[in-house]
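Each reported figure results from applying straightforward, stated rules to the coordinates on display, with no laboratory input. Please read all numbers here as calculations on a predicted model, not as lab measurements. Ideal geometry is used to build each Cβ from the backbone, glycine not excepted, and the neighbour counts take in all protein chains shown.
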Amino acid sequence: MLDIRQANTEDIELIFQWTLQLHHHEDDGELKAHADFPVHLKQWLSGQLEDTGNLCLIAEVDAQPIGFILASSIINDNGFLESPAKGIIQLLWINEDHRKQHIADTLVSEIEQCFISVGIGYIECNYTSHNNLAKSFWDKQGYLQRTVTARKMLKLPDSN
């Protein structure tokens, strides 16, 4: 049976491991990670869990954690938009052996309902261009591509 619960600080190691798996899944090797990336990632995740503007949900099957979603609400009141609040899905991960069981659908739906309940009218998420699994999933959820990020790697002089 699927249960959804709010993450707490005791879940940090599990969320950290899942986020590392997601990083390895999406990493194209183009941008070199800092040598202390794992330390910085764990610190960032801890801060995300403590931030009251964020919501992290854990999916469990038979009391075993099998995935999570981390979402944030952001207010950018620069006067450009009628509604300055937006939701952002930062991370979504389901263990491979539990995919295609609508667990990710359920987590996204829970987050969407939370955003609706506080008057947030739109959500954004990001994924790498080569992650076809993510593209297919988000397309099925009704998320439409609205922006494109282009990157050019510049040749820097040797720093010797």
For the chain, the longest site-free run once GluC sites (Glu not before Pro) in DSSP loop states with at most 16 other Cβ atoms within 10 Å are removed: 83-160
Which of the lysines could be linked to LYS135 by a straight reach, that is with a Cα gap under 27 Å, when you skip same-chain ones fewer than 8 residues away? LYS32, LYS42, LYS86, LYS100, LYS152
What number comes out for the charge environment of LEU70, summing +1 per Lys or Arg and -1 per Asp or Glu over other residues with Cβ under 13 Å away? -4
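Can you give the FRET efficiency for LYS42 and SER83, using 1/(1 + (r/R0)^6), R0 = 41 Å, r = Cβ-Cβ distance, to the nearest 0.05? If you can, show how the numbers build up before the last one.
On the way: r = 34 Å, r/R0 = 0.82.
Rounded to the nearest 0.05, the efficiency is 0.75.
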With at most 15 other Cβ atoms within 10 Å, longest stretch of the chain clear of loop trypsin sites (Lys or Arg not before Pro) (DSSP): 33-98
Which chymotrypsin sites (Phe, Trp or Tyr not before Pro) in region 53-103 pass both tests, a DSSP loop state and at most 12 other beta-carbon atoms within 10 Å? PHE80
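Between beta-carbons, use under 13 Å as the cut-off and find the net charge around LEU31, counting Lys and Arg +1, Asp and Glu -1. Display every interim value, and only then the final one.
Details: positive: LYS32, ARG151, LYS152; negative: GLU26, ASP27, ASP28, GLU30.
After counting each charged neighbour, the total is -1.
Calculate the tail of P(r) for region 65-137: the fraction of all Cα-Cα distances greater than 19 Å, expressed in %. Working shown, then result.
Details: 1084 of 2628 pairs.
Tail fraction, whole percent: 41.
All other residues with a Cβ under 15 Å from the Cβ of LEU133 taken together, and with Lys, Arg as +1 and Asp, Glu as -1, what is their net charge? Please list the in-between numbers first.
Numbers: positive: ARG99, LYS100, LYS135, LYS140; negative: GLU26, ASP27, ASP28, GLU96, ASP97, ASP105, ASP139.
Here the count lands on -3.
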Label model pair LYS152, SER136: point-to-point distance (7 angstrom along the Cα→beta-carbon line) in nm is 3.4 nm
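Calculated from DSSP H runs of 4 or more alone, at -39500 (n - 2.57) each and per residue, what is the 222 nm mean residue ellipticity of the chain, nearest 500?
Values: 4 runs with 53 residues, N = 160.
That comes out to -10500 deg cm²/dmol.
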If each Cα of region 101-143 is one equal point scatterer, what is log10 of I(q)/I(0) from the Debye formula at q = 0.22, 0.32, 0.33 Å⁻¹? -0.80, -1.18, -1.20
